Amino acid sequence: MAKVIDSLKKLNVGNDSKPHKNNKESKLSLFKEKTNSKDGYIYLVYGTQCQDSIRLIHEISSEVSPVMGIKFSPASKDIFYSVQNGEIKMFDLREQNKLVGVFRDDSFSNNEKKTMISFDVSYDQRLIVGATECTGGDSFILFWDVRYNKSTKEHKNNLLGGYWESHMDDITDLSFNSVRHNVLASGSTDGLINVFDLTQPSEAEALMYSLNTMSSVDKLGWSGNDSLWCTTHTHVLQLWNCEDAGAYATFERRNLMIPDVDVDYIYYYIVRYHATNALGKPFLLTKCSAFEESKLWCLSIAGDHLEVSHEIVGNKQEVRDSWMHEKSGTLVTVGEHGTISLWRQKESAEYPSSCESLGKIIAEKNRQHRSKPYFRSC
């Protein structure tokens, strides 16, 4: 087993969920959206969490390999994105279109590159971690040290090491702890959420907790120092304390149903859970569709059930992911039409003129999945 080198060392809700009450507090309105019909992969980069507002910074285009994920640095004005061919690229937003780092695994043989499907950056921006599809029975979690990246020009192998014994299938998401920077959570289609202490010298010693969701993990994140949330490919939300044998709260797909609405919606699915108080309390972004009509809702946890905290008005696409800009209270969504939409509460929808130039992402995930318990809505 490869060891992660020494630099890593230094570095109540009830379970009986009920259908939620329709207790709407307010609405989120679309205040800016733009569509671009050009082919290819085009990325329009907006304000980071350290800024008070969202604005167009610059465009990164002409990426050949499909992009699998985009993240802002939590510690600087850098942006990272991963591509399917196994590379993670770092751009400095202070200098337009300047590529300042490429992180790749050069240890493969016979040109068998590992397909990257998720990644994360530690909150002190010392480590980058990427995860792969299951290939030949192995799924890899790979580590790089941001400070010693020289691969852009010299094509050096700056890989620190990796783990490959803790998951048996695709590793779908990774998340660093925001307080304990050396603690990493990983989720997989094998149903496991693993929590690692990266200061330990081997994978076996680093594995602190292994939580069995009894499903297929889609997304995960931290909701506290020792607590996690995850959503599954069967559209279930689970809330965990790391030391517990089971989730302390589970909300099934049937709990997403919206009562007392004009249309009897056919499809309900989870977009993402946001463990932030930017809209007053943490919320689960969900989408429901009926034929050509679709709506987005923010559902908050109220005891043993979910309730509507915000209705999002004006959505016109199948939303697949979202991001919360906490300082401005702006929810950003992206979906199958390739459109980035920005939503704010009506009473605060006025925005300065510097924020008028917004745009669209064209990005498709062409990765072929093995059969999973995943329901795709029409």
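The values are calculated or read from the model by the stated rules, or taken from the named source; none is laboratory data. As the structure is a computational prediction, the values presented were derived from the model and not from experiment. As a convention, Cβ positions derive from the backbone with ideal geometry for all residues, glycine included, and neighbour counts pool all protein chains shown.
Exactly one condition in (1) crowded, with 17+ Cβ neighbours inside 10 Å; (2) outside the structural domain of residue 133 (by the TED database) is not met by residue 280; state its number.
Looking at each condition in turn, residue 280 falls short on (1).
Could you say which residue among 189, 172, 213 is closer than 25 Å to residue 307 by Cβ, among the polar types (S, T, N, Q) and crowded, with 17+ Cβ neighbours inside 10 Å?
213
Just checking, which of 316, 327, 287 is under 30 Å from residue 73 (Cβ atoms) and not in a strand (DSSP E or B)?
Result: 327 is the single residue among 316, 327, 287 that is under 30 Å from residue 73 (Cβ atoms) and not in a strand (DSSP E or B).
Kindly indicate the residue of segment 123-139 that is out of contact with any helix residue (DSSP H, G or I) (no Cβ under 8 Å at 6 or more places or on another chain) and buried (at least 23 other Cβ atoms within 10 Å of the Cβ) and also farthest from residue 202 (Cα to Cα) among those meeting that condition.
Selected residue: 132.
Against the condition outside the structural domain of residue 323 (by the TED database), in contact with a strand residue (DSSP E or B) (Cβ under 7 Å, 6 or more places away or on another chain) and at pLDDT 80 or above, how does residue 100 come out, does it pass?
yes
In segment 160-174, what count of residues is obtained for those that are in contact with a Ser or Thr (Cβ under 8 Å, 6 or more places away or on another chain), in a strand (DSSP E or B) and not charged (D, E, K, R)?
Total meeting the criteria: 4.
Give all pairs with beta carbons closer than 6 Å in which a residue from segment 323-338 that is closer than 20 Å to residue 294 by Cβ meets a residue that is modelled with pLDDT of 80 or more and of a type in the set (Phe, Trp, Tyr); count only pairs at least 6 apart in sequence or on separate chains.
331/343; 332/323
Give the residue that is farthest from residue 201 (Cα to Cα), with candidates limited to residues of segment 140-158 that are at pLDDT below 90 and of a type in the set (Val, Ile, Thr).
That would be 152.
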